[in-house]
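Chemist: My structure is below; once you've seen it, I'll send some questions.
The values are calculated or read from the model by the stated rules, or taken from the named source; none is laboratory data. These numbers were taken from a predicted model, which means no experiment stands behind them. So basically every Cβ, Gly included, is an ideal-geometry build from the backbone, and we count neighbours across all protein chains shown. Surface areas here come from the heavy atoms of the whole protein model, side chains and all, with no ligands, DNA or RNA. Shrake-Rupley method; radii C 1.70, N 1.55, O 1.52, S 1.80 Å.
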Amino acid sequence: LKLAPPSPLFLGWRRRPGTRGPAGRPEGPAAPGPVVAAARLLPAAAAMADDGSPLTMPEVVQKVLEGFQDPKFQAEVDEFACINIPLFARVCQDGSQPLEWDMQFKKYKTLYERQLQRVLDLCGADVTEFMDYLGQCCEAYSGQPGY
């Protein structure tokens, strides 16, 4: 599966060096456009792009998508699913859901949350800023086909 490159709209967004944002990271006014602070620069300790510059948020999104497709992570998800097949195969005649289903779902969700946090940590990105960026992308692109 080949992931599409981020829109060129977001690639030029940068922070002004020397200013501080809500997470203590450098920040400045974003370039004009529909998504404010879309491709924030990450701290110097973060992963670097091929050209040696800090990763932008679109590059972080790409890394997160790649992290979810990582074979090791996929094997962990597959193992979890296989272990729980008998549990979820049981049918409740009254249509209810056993409490154990909720507990296993929370464990499943935790697998993804941990993987997301691992990738964001490797990239030096903040979860809140990442989620804000995704929300801004949703607002900017939600009406477009293929989004």
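Chemist: Out of curiosity, is GLU139 modelled with pLDDT of 95 or more and over 15 Å from the mean Cα position of the chain (by Cα)?
Modeler: Numbers: modelled with pLDDT of 95 or more: no; over 15 Å from the mean Cα position of the chain (by Cα): yes.
Taking the combined requirement at face value, the residue does not satisfy it.
Chemist: What pairs come out if I take residues in region 126-147 that are open to solvent by 60 Å² or more (accessible area, probe 1.4 Å) and pair them with residues that are modelled with pLDDT of 90 or more and not in a helix (DSSP H, G or I) whose C-beta lies under 7 Å away, six or more apart or interchain?
Modeler: That search, which allows pairs on different chains as well, returns nothing.
Chemist: Filtering region 71-122 down to residues that are open to solvent by 100 Å² or more (accessible area, probe 1.4 Å) and in contact (Cβ under 8 Å) with a residue 40 or more places away in the chain, which residue is farthest from GLU59 (Cα to Cα)?
Modeler: Result: ARG118.
Chemist: Let me ask something else about it. Of the residues VAL91, VAL77, VAL119, which is β-branched (Val, Ile, Thr) and in a loop (DSSP other than H, G, I, E, B)? First the steps, then the outcome.
Modeler: On the way: VAL77 fails: in a loop (DSSP other than H, G, I, E, B); VAL119 fails: in a loop (DSSP other than H, G, I, E, B).
After ruling out the rest, the residue left standing is VAL91.
Chemist: What number of residues in region 92-117 are in contact with a Gly (Cβ under 7 Å, 6 or more places away or on another chain) and basic (Lys, Arg)? Quick ask: steps written out before the conclusion?
Modeler: We begin by selecting, within region 92-117, every residue in contact with a Gly (Cβ under 7 Å, 6 or more places away or on another chain); these are 115.
Keeping just the survivors that are basic (Lys, Arg) gives none.
Number satisfying all stated conditions: 0.
Chemist: Looking at GLU59, GLU79, GLU66 in this structure, which one is at pLDDT 85 or above, closer than 20 Å to ASP132 by Cβ and out of contact with any helix residue (DSSP H, G or I) (no Cβ under 6 Å at 6 or more places or on another chain)?
Modeler: On the way: GLU79 fails: closer than 20 Å to ASP132 by Cβ; GLU66 fails: closer than 20 Å to ASP132 by Cβ.
Among GLU59, GLU79, GLU66, only GLU59 is at pLDDT 85 or above, closer than 20 Å to ASP132 by Cβ and out of contact with any helix residue (DSSP H, G or I) (no Cβ under 6 Å at 6 or more places or on another chain).
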